[in-house]
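Below is one structure, written out as structure tokens; comments come after it.
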Amino acid sequence: MIKSIKALDTWKIRHEVMWPDQPLEFVQLEEDEFGLHFGVFIDEKLISIVSCFISDDEMQFRKLATLPEYQGQGIASELLKHIFELAGKKNLKRIWCNARSGKKSFYEKLGMKDTIQTFSKAGQEFTIMEICF
């Protein structure tokens, strides 16, 4: 089940899945208070999260993460489909994210395209992925 959650509810999974070698504060975003945050629950346990930030007619999603024991089951895909539907209801023109380069094919399966704009952060390589409507 997908539900709206608070930013602080995302931090534990962000930290555990994405940046376990960094302090918890590393996964807290200044703009978290302005975002829309969604979580997938199984038996009331939060197992997957994403944060969305809307500006003008675009949405950036950040910090998509699923607990390791639930990965590979299509849960993150369902979460992204949920926010793609939300973007459609809000008549947004573009959804984008900074994807880890090794996860590019995951986003391509959902119709996103690589913009070929890349950068590094804390030793990770990223590419900007987008889908336009």
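The set of residues from region 21-36 being exposed (fewer than 11 other Cβ atoms within 10 Å of the Cβ) and over 13 Å from R62 (Cα atoms) comprises D21, P23, E25, E33.
Yes/no matrix, rows are residues, columns are (1) farther than 26 Å from K3 by Cα; (2) touching a residue at least 12 places away in the same chain (Cβ under 8 Å); (3) open to solvent by less than 30 Å² (accessible area, probe 1.4 Å):
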site: S77; (1), (2), (3): no, yes, yes
site: N91; (1), (2), (3): no, yes, no
site: I95; (1), (2), (3): no, yes, yes
site: F106; (1), (2), (3): no, yes, no
site: G111; (1), (2), (3): no, yes, no
site: D114; (1), (2), (3): yes, yes, no
site: T118; (1), (2), (3): yes, yes, no
site: F126; (1), (2), (3): yes, yes, yes
site: C132; (1), (2), (3): no, yes, no
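The values are calculated or read from the model by the stated rules, or taken from the named source; none is laboratory data. Please read these numbers as outputs of a predicted model, since none were measured by experiment. So basically every Cβ, Gly included, is an ideal-geometry build from the backbone, and we count neighbours across all protein chains shown. Please note that ligands, DNA and RNA were not included when accessible areas were found on the heavy atoms of the full protein model with its side chains. Shrake-Rupley method; radii C 1.70, N 1.55, O 1.52, S 1.80 Å.
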